[in-house]
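Below is one structure, written out as structure tokens, with a few remarks after it.
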Amino acid sequence: MTDQQEITTASTGSRATMDVAEAAALLGVSPWLVLQQIAKGNLPHKRFGRRIIIPRAAFLTWLEHVDEPA
């Protein structure tokens, strides 16, 4: 297993999605900042009624490319 796979496995757990609080904890930021980025369309997410979920695979892909220029 590569270092990246170990980090991915350790940080993602077994569920396919995470909530805003989990994403914030992984990023080391407040849930408010995660919600702000979702509102701006910068963070991949899905809505189920009022609930916001973040697909782990999309989140990790986004995280790898977040610093790349558009």
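The values are calculated or read from the model by the stated rules, or taken from the named source; none is laboratory data. The structure displayed is predicted, hence computed values, not measured ones. Keep in mind that these areas ignore ligands, DNA and RNA; they rest on the heavy atoms of the full protein, side chains included. Shrake-Rupley method; radii C 1.70, N 1.55, O 1.52, S 1.80 Å.
If you scan segment 2-20, which residues turn out to be assigned to a helix (DSSP H, G or I) and either open to solvent by 60 Å² or more (accessible area, probe 1.4 Å) or modelled with pLDDT of 75 or more (or both)?
Here is the first cut: in segment 2-20, the ones assigned to a helix (DSSP H, G or I) are 3-12, 20.
Selection gives Asp3, Gln4, Gln5, Glu6, Ile7, Thr9, Ala10, Val20.
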note = Scanning segment 21-68 for residues that are among the polar types (S, T, N, Q) and not in a loop (DSSP other than H, G, I, E, B), the one nearest to the chain's Cα centre (by Cα) turns out to be Thr61
